1. Separation between the residue 27 and residue 95 pseudo-spin-labels, each 7 Å from Cα along Cα→Cβ, expressed in nm?
2. Expressed as an acute angle from 0 to 90° and rounded to the nearest 10, what is the orientation of the C-alpha long axis of helix 107-118 relative to the principal long axis of the chain?
3. What percent do you get for the relative contact order of the chain when only Cα pairs under 8 Å and 6+ apart count?
4. Among DSSP beta bridges lying fully in the chain, give the percent that are antiparallel, nearest 5.
5. Add +1 for every Lys or Arg and -1 for every Asp or Glu among the other residues with Cβ under 12 Å from the Cβ of residue 17, and state the total.
6. Only four residue types carry charge here, +1 at the Cβ of Lys and Arg and -1 at the Cβ of Asp and Glu. Report the dipole size of region 23-86 about the Cα centre in Debye, rounded to the nearest 20.
7. In the structure shown, do any of 140/177; 140/176; 119/140 have a Cα-Cα gap over 27 Å, and if so which?
8. Sequence-distant or interchain residues sharing an amide H contact under 5 Å with residue 28, placed H: which?
Amino acid sequence: MRVIIIDDHPLVRKGLELVASLEEDFEICGFAANGLEAMEVLEKHSPDVALVDLRLPGEHGLDIIEKARSINSTCKYIVLTSYATKEEIKQAMALEVDGYILKETLPEELITSVRMIHKGRKYFDPVIVQHALEEKNEDKLSELTTREMEVLKFLSRGLNNKKIAEDLFISEHTVKKHVGQILTKLELQDRTQAALYGVSQALNR
């Protein structure tokens, strides 16, 4: 497996090279510290896998990956970074990167993850997955109207339609309509799922 490392920190590059050198199926064939060097290394070595840091001089790692795919579309591009914002995770998902690994990952976990990705599977650090789910949930909740959010909060507290209607000074029929809209927008099957979803979003407080 031919691997290139795109990272501007010498210690990180050296550490990754050392970890990879202990594996018979890993060959570090090139390094790059910025976008320009990355394109040159990709063209020269045609790697199977590229480990890409997000924060590089003059250019963001995700922009480099997007450009790199026009040079080598078969290479597996893995984000390897110290931390990530929710916006960066969202952009990486949209770009369909092959993997997203945090630098705090243990060496053996890193090697296993890269092998998995090289074989065609996706791998995302559990922390990244959690952030992505939170982002997705926030997007879904933003689709609800103010009244639907109020109804969802009451559902998460275990109130029935009659009690919700009394507290909101609306009819039970209107409550049922709101519940129906909530289920549709949140892609849920029934009010029990809606209640559990509300609890998971801490709406029952």
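1. 2.7
2. In the chain, helix 107-118 runs at an angle near 90 degrees to the longest axis.
3. Working: 268 pairs, mean separation 28.3, N = 205.
Relative contact order, the chain: 14 percent.
4. Numbers: 2 of 21 bridges.
Antiparallel bridges make up about 10 percent of those DSSP assigns within the chain.
5. Numbers: positive: 13, 14; negative: 7, 23, 27.
Computed value for this residue: -1.
6. Details: 6 positive and 12 negative charges, 78 e Å.
The calculation lands at about 380 debye.
7. Working: 140/177 18 Å; 140/176 20 Å; 119/140 33 Å.
Going by Cα-Cα distance, 119/140 fall outside the 27 Å limit.
8. The answer is 3.
Only the coordinates and a few stated rules stand behind these numbers; no lab work does. Predicted, not measured: the structure shown is a model, and the values here were computed from it. As a convention, Cβ positions derive from the backbone with ideal geometry for all residues, glycine included, and neighbour counts pool all protein chains shown.
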